[in-house]
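Following: one structure in structure tokens, then a few remarks.
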Amino acid sequence: MCGSQASAPQVINAALLKESSSLHYITADRWDRPPADTMRRPSCWIPISVLLLLVTISMATESGTGRDIEASERRAVVLPDVPSARVFIDSTDLAVVGFFVDLEKPEVEYFNALVKNHPEWDYGTTTSEDVLKHYKIKSNTITIFRQADNFRDDLVVEETPELNTAKLYRFLTINELRLVTEYNPMTSIGIIACKVHIHLLFFTHKDVEGEEGIMKELREAAKELRGQVLFVKMDVSMKSNQKTAALFKLKKSDLPLISIYDTESNRKQIMESGEITAQGVKKFCLDFLSGEAVEEAESLKTEL
């Protein structure tokens, strides 16, 4: 408009054009030698075009318009063949795989939204006929592969009415059994439904020192006892878990503490206090499984 002041982007663009025209000095026979006047510039000289570009990026970022300078979205790992699918599934506590026969269905978008918004799980996806055949998939299916109990759970989309991202999330949360599963109202459903009826319970509290080191030892033991013992972390700092702690007659000063519990016979045994190591936990579990452990006099008369 006549008489109006130019906007910042217009000024920057004009300056960039002017500066860029002054830099077109390299000809076909002089690639290695700049004009004489540039030889006298200080070594720290930076073309104004570079400075203006940096200013432009800064302004765009501050104003929220730098949409092209964003981190790439999370995507599921593509599984092109059976070997890659096996490696992926075996590499994580909980593998979530989208098996898709038809990519035009809405569940593909639901699955992608899940991958983007819920990074707590490891996702894979495949349309390979060989992979679908190997895992006996006949229609679009979202599958959980659990290391904790060598378990697989299929959610066949055509058998699930009104599926959406929220329902997919609930399906994963309920069935989220890891090598050491944190007990909460959602995971409790999967724990109770689990076919492994021997549960090792790690009672802890938010103030317990060295918890991560203990968890590392427990995961190591859990790997060797997959399918035999389900490892569960019970944080009694959570109000919903305090009832279970009371059933074991635990006090905060008793923690950390490990107990093992048979959900079918109600037998339970508390591990002796001391350093918690993978080998010690493994022996404790195997003794309980073989019946060599001394049973507590009072049985636990409730289900977790």
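Before moving on, here are some points about what is shown:
Conditions tested, residue by residue: (1) buried (at least 17 other Cβ atoms within 10 Å of the Cβ); (2) closer than 15 Å to Asp154 by Cβ.
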{"residue": "Leu79", "(1), (2)": "yes, no"}
{"residue": "Phe88", "(1), (2)": "yes, no"}
{"residue": "Gly98", "(1), (2)": "yes, yes"}
{"residue": "Glu104", "(1), (2)": "no, no"}
{"residue": "Phe111", "(1), (2)": "yes, yes"}
{"residue": "Leu114", "(1), (2)": "yes, no"}
{"residue": "Asn117", "(1), (2)": "no, no"}
{"residue": "Asp122", "(1), (2)": "yes, no"}
{"residue": "Val131", "(1), (2)": "yes, yes"}
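- Filter pass, Leu257 being open to solvent by less than 60 Å² (accessible area, probe 1.4 Å) and touching a residue at least 40 places away in the same chain (Cβ under 8 Å): yes
- Residue match in the range 100-117 (condition: in a strand (DSSP E or B) and either touching a Gly at 6+ places or on another chain (Cβ under 6 Å) or touching a residue at least 40 places away in the same chain (Cβ under 8 Å) (or both)): no
The values are calculated or read from the model by the stated rules, or taken from the named source; none is laboratory data. Given the structure is predicted, the values throughout are model-derived calculations rather than measurements. Here the Cβ is made from the backbone with ideal geometry for all residues, glycine too, and neighbour counts use every protein chain on show. Note: accessible area is taken over every heavy atom of the protein model, side chains too, but ligands, DNA and RNA are not part of it. Shrake-Rupley method; radii C 1.70, N 1.55, O 1.52, S 1.80 Å.
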